[in-house]
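The structure appears below as structure tokens.
The values are calculated or read from the model by the stated rules, or taken from the named source; none is laboratory data. Please read all numbers here as calculations on a predicted model, not as lab measurements. Here the Cβ positions follow ideal geometry from the backbone for every residue, glycine too, while neighbour counts run over all protein chains shown. Accessible surface areas use protein heavy atoms only, side chains included; no ligands, DNA or RNA. Shrake-Rupley method; radii C 1.70, N 1.55, O 1.52, S 1.80 Å.
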Amino acid sequence: AHAKIWHLYDTSFRPTQGGQVSIALSSHWISPRRMTEHSIKECQKSLDFVLGWFAKPIFIDGDYPESMKNNLSSLLPDFTESEKKFIKGTADFFALSFGPTLTIRLDGVDVIGYTAWSLMDGFEWHRGYSIRRGLFYVDFLSQDKKLLPKSSALFYQKLIENNGFPPLPENQPLEGTFPCDFAWGVVDNCIQVDTTLSQFTDPNVYLWDVHHSKRLIKVDGAVTKTRKSYCVDFAAIRPQIALLQEMHVTHFHFSLDWALILPLGNRSQVNLTVLRFYRCVASELVRANITPVVALWRPAAPHQGLPAPLARHGAWENPHTALAFAEYASLCFQDLGRHVKFWITMHEPSTRNMTYSAGHNLLKAHALAWRTYDEKFRRSQKGKISIALQADWIEPACPFSPEDREVAERVLEFDIGWLAEPIFGSGDYPRVMRDWLNQRNNFLLPYFTDEEKKLIRGSFDFLALSHYTTILVDWEKEDPIKYNDYLAVQEMTDITWLNSPGQVAVVPWGLRKVLNWLKAKYGDLPMYIISNGIDDDPHAAQDSLRVYYMQNYVNEALKAYILDGINLCGYFAYSFNDRTAPKFGLYRYAANQFEPKPSMKYYRKIIDNNGFPGPETLGRFCPEEFTLCAECSFFHTRKSLLAFIAFLLFAFVISLSLIFYYSKKGRRGYK
């Protein structure tokens, strides 16, 4: 039938009308999970049975695909030779109906047009009116079937105006470097607390059992004298620091384990061994010229990272937990503050899994800890302290839609502003947040007293954020699974975005947008990107996705610093190794060995270049600066005295030598 119509037009109408005729075919796409010969053939068969069924006779040779003929045998009719010749070539172009777009430039396909389905909501075949696929919303219940343009209509209008996606200056890679004192760091959320000491601190005597077990056997009753133990005796510390030095980072961010240090949640029982281990980690980092960045608490299993007694008594729902946190913070400042000058009170408290009362107490706990440091320890320790918030960007699905922009701002305030506004802004919760809850008759958001507002507001020295991805939001309910009834927002992902194996979208420009949003909300504050990273395939030899992710996210950070004037002070890659953060590490961990991935070497290159230097910045070099360890400060501040003592010692040795020489010479002359 198709061929007859094509020939009819070709012979009777084309000469006078000069038009084109073809057939519109529909197809899916399928890829083999494993690139074996069998899998490839099965995928090809799947395409043959859908697209090839009609495309091969028309566009190739007038006959069905071989896979169809082999599998269907007598069920598939045969074409005569004359029918094959009649059908072959009966198309002036290839028309394809397909869900995802076909993004011409990369593959060189001669795509000459694009038609969106569909103009307005209507009858969708077997699914009837249960789904809406129109660019215009149809109110089926209204008398005149009123039409309203959806976000997609506004987006498509802009797309047509631009004739595609013209390269914007802000989306091009930027050449340039960060300031010389920029903090280049890496994150290890939960370092392994291994308090095993080296053999030099063991007083026992051992013998080799060379005949039987081939192992060391302790000799009962035999002990030797041992020296005093030092930080280097913790066998687990030095190898980790060696890896950090190999990476060339200037900062290392890790979290303390509150439950390990204070098992009962108060200072009645302090685990001094664990506390000493952390102190040794910090001091050895400083000795290696790496700045320790220490978080007092991060939510983690079990018990949300809290001591078990506190978790059993309401966790953050209990106001007493805030007081316990302040007591714990004071202990850490007192014991570790000699080596730690960069503190995080709380690392990534998750607002999406938190009650309003828990958030209320958590804010007071942070403020109490900050005030404790500010009033009792800052003058002597000269450090800085703040909170680290998770700040993924929320993008309106249609940036031209006021409704989409409104819901995006609402989600940002609930995700970030909930904790940020009281600390960095007004001292109270965001107005958007309280107004929304009041509209929905939800009055569970607590109120701060005037004293509490003064306590919380301004309790920061810098703004630290963790950022990983971007989420699209829409005001229309389309997918019930991803629809948030609480905030009346539809979450979605762009199918053209690159995704990790864990389905995390790679959207580098989202980092720059959230940095600018924070600056617009809270002013020109010193900012640190305290954690940024993505998962990879643990079985892949090359973590090329992470290299791409790191290159583009760091470049967006550079744009924020150079083009937008963001006071960006540091960037921390997540995560240090696969042992503590499987699939996220810059080091692979297997058979008790750490192996650098390509992403680690790429990050090291960025650090060594201090960004992405171009021809104009190649000649700029930063002088090396060393953070001296506390133990070395005595000698560093007394260089002149040491030089004088060395001179006296040298003169003394020379004098003795001369006295000895001439006395010996005099005795020989006397004889």
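Data table
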{"quantity": "Selection count, the range 544-558, where residues are touching a Phe, Trp or Tyr at 6+ places or on another chain (Cβ under 9 Å) and open to solvent by less than 70 Å² (accessible area, probe 1.4 Å)", "calculated": "10"}
{"quantity": "Hits in the range 220-241 - residues which are farther than 30 Å from Val293 by Cα, modelled with pLDDT under 85 and part of a strand (DSSP E or B)", "calculated": "Gly221, Ala222, Val223"}
{"quantity": "Residue check for Leu72: of a type outside the set (D, E, K, R), in contact with a Cys (Cβ under 6 Å, 6 or more places away or on another chain) and either outside any loop (DSSP other than H, G, I, E, B) or exposed (fewer than 11 other Cβ atoms within 10 Å of the Cβ) (or both)", "calculated": "no"}
{"quantity": "Any strands (runs of 3 or more DSSP E) falling wholly within the range 471-580 and containing at least 2 residues that are touching a strand residue (DSSP E or B) at 6+ places or on another chain (Cβ under 6 Å) and aromatic (Phe, Trp, Tyr)", "calculated": "568-574"}
{"quantity": "All positions within the range 301-322 that are among the hydrophobic types (A, V, I, L, M, F, W, C), closer than 22 Å to Ala388 by Cβ and either open to solvent by less than 30 Å² (accessible area, probe 1.4 Å) or not in a loop (DSSP other than H, G, I, E, B) (or both)", "calculated": "Leu306, Leu310, Ala311, Ala315, Trp316, Ala322"}
{"quantity": "Test: residue in the range 201-213 that is assigned by the TED database to the domain that holds Ile606, assigned to a loop (DSSP other than H, G, I, E, B) and surrounded by 11 or more Cβ atoms within 10 Å (Cβ to Cβ)", "calculated": "no"}
{"quantity": "Criterion: more than 24 Å from Pro399 (Cβ to Cβ) and open to solvent by 90 Å² or more (accessible area, probe 1.4 Å) - qualifying residue of Trp117, Trp125", "calculated": "Trp125"}
{"quantity": "Contacts under 6 angstrom Cβ, first residue in the range 110-123 being closer than 12 Å to Leu96 by Cα, partner in a loop (DSSP other than H, G, I, E, B) and of a type outside the set (Gly, Ala, Ser), 6 or more apart", "calculated": "Val111/Leu102; Val111/Ile104"}
{"quantity": "Some residue of the range 343-355 being over 30 Å from Val232 (Cα atoms) and more than 23 Å from the chain's Cα centre (by Cα)", "calculated": "yes"}
{"quantity": "All positions within the range 360-394 that are open to solvent by less than 20 Å² (accessible area, probe 1.4 Å) and assigned to a strand (DSSP E or B)", "calculated": "Ile385, Ser386, Ile387, Ala388, Leu389, Ile394"}
{"quantity": "Residue within the range 591-606 that is among the basic types (Lys, Arg), in the same structural domain as Val293 (by the TED database), over 20 Å from Ala288 (Cα atoms) and modelled with pLDDT of 85 or more present", "calculated": "yes"}
{"quantity": "Lys41 being modelled with pLDDT of 90 or more, assigned to a helix (DSSP H, G or I) and either of a type in the set (Gly, Ala, Ser) or open to solvent by less than 70 Å² (accessible area, probe 1.4 Å) (or both)", "calculated": "no"}
